[in-house]
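Bear in mind these aren't lab numbers, they're just calculated from the coordinates by the rules spelled out. In this text the structure is predicted, and so the values were computed from the model without any measurement. Backbone-built Cβ (ideal geometry, glycine too); neighbour counts: all protein chains shown.
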Amino acid sequence: MNSKTAKESFIVMTELVLPNDTNVFGNLMGGRLMYWMDIASALAAGKHCNSPVVTASVDNISFESSIKLGNVVHIEAKVTRAFNSSMEVHMKVWGEDTVQQYRYKSNEAYYTFVALDPNRRPKPVPQLIPETEEEQKLFEGALRRRQLRLILGGKMKPHDAAELKALFAGE
Ligand SMILES: CCCCCCCCCCCCCCCC(=O)SCCNC(=O)CCNC(=O)[C@H](O)C(C)(C)COP(=O)(O)OP(=O)(O)OC[C@H]1O[C@@H](n2cnc3c(N)ncnc32)[C@H](O)[C@@H]1OP(=O)(O)O
């Protein structure tokens, strides 16, 4: 199977925050943003593997700054690393005030997707080649993040997470 570069999976999704998307303070609801992030990251993962994908897990999301009613949301999504059937996608979320003409960072997150075959069973995906310095850093960290989320999901024993243990042991 051919490998693919990280930039081949890159997508940007743009949305406008309308009244029905907001809470009582006039800010974008976290749940609505997470829904848009799910679609954006699924598109990036699907672009990488050219297959249908399902969300396997969502890492913690910290909302750094709220996005106001009438502002524009930009979600940038890119695959950081592919494993066997799963892919980690990194997202950066920006708000934009188009009247005052400034952009601000809202949050960052990692979502994990699994590619499915026609029988809806996990299927192998192309390996990912990082090119830029940032892509290389994300690629290296992806293995530790995978181990942490598999431990939390009860799919891996802490004892088997060699790279994660090495981080805490300072090795
Ligand atoms: C045709 C071209 C189209 C192209 C363009 C496509 C565009 C597409 C746009 C779609 C836009 C809408 C996208 C919404 C997507 C949903 O919202 S889908 C709905 C929510 N998600 C679900 O319902 C998934 C439910 N869970 C499952 O189906 C199964 O548990 C899974 C995730 C497939 C895993 O299956 P399993 O039988 O446990 O398989 P297993 O062999 O143990 O593990 C398979 C892989 O899953 C990983 N995994 C398992 N659990 C976890 C976990 N907790 N955390 C992380 N990874 C895990 C494993 O590590 C393994 O990875 P690899 O080592 O193979 O890399």
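Karplus-based coupling profile of the stretch 134-148, in residue order and whole Hz: 5, 4, 5, 5, 5, 4, 5, x, 4, 5, 5, 5, 4, 4, 5, with θ = phi - 60° in 6.51 cos²θ - 1.76 cosθ + 1.60 and x standing for Gly or Pro. Less than 12 Å Cβ to Cβ from VAL125, Lys/Arg counted +1 and Asp/Glu -1: what total charge do the surrounding residues give? Surrounding charge for VAL125 is +2.
Helix-only estimate, please: 222 nm mean residue ellipticity of the chain, summing -39500 (n - 2.57) across DSSP H runs of length 4 or more and dividing by its residues, to the nearest 500.
Working: 3 runs with 48 residues, N = 171.
Estimated from H runs of four or more residues: -9500 deg cm²/dmol.
Mean silhouette area of the stretch 90-130, derived from the convex hull of its C-alpha atoms and averaged over all directions, reads 5.1 nm².
Pairs of Cα atoms under 8 Å, at least six residues apart: use those to get the relative contact order of the stretch 78-152, whole percent.
Values: 102 pairs, mean separation 23.8, N = 75.
Rounded, it is 32 percent for the stretch 78-152.
Considering only alpha-carbon pairs that sit under 8 angstrom and 6 or more positions apart, the relative contact order computed for the chain is 25 percent. Around the amide H of THR80, modelled in the peptide plane, lie the amide H atoms of GLU88, VAL89, HIS90, all under 5 Å away and 5 or more residues distant in sequence or on another chain.
With a 10 Å radius around each residue's Cβ, average the other Cβ atoms per peptide and rank 3-16, 81-94, 155-168, 30-43, highest first. Kindly include the intermediate steps, with their values, before the conclusion.
Working: 3-16: 16.2, 81-94: 21.7, 155-168: 12.6, 30-43: 17.9.
The densest-packed peptide leads the list: 81-94, 30-43, 3-16, 155-168.
Here the Karplus curve 6.51 cos²θ - 1.76 cosθ + 1.60, taken at θ = phi - 60°, turns the phi angles of the stretch 26-40 into couplings of x, 10, 4, 5, x, x, 5, 5, 5, 5, 5, 5, 4, 5, 4 Hz, with x standing for Gly and Pro. The 3J(HN,Hα) values that the Karplus relation (6.51, -1.76, 1.60; θ = phi - 60°) gives for the stretch 155-163 are, in residue order, 9, 8, 8, x, 4, 8, 8, 4, 5 Hz. Gly and Pro appear as x.
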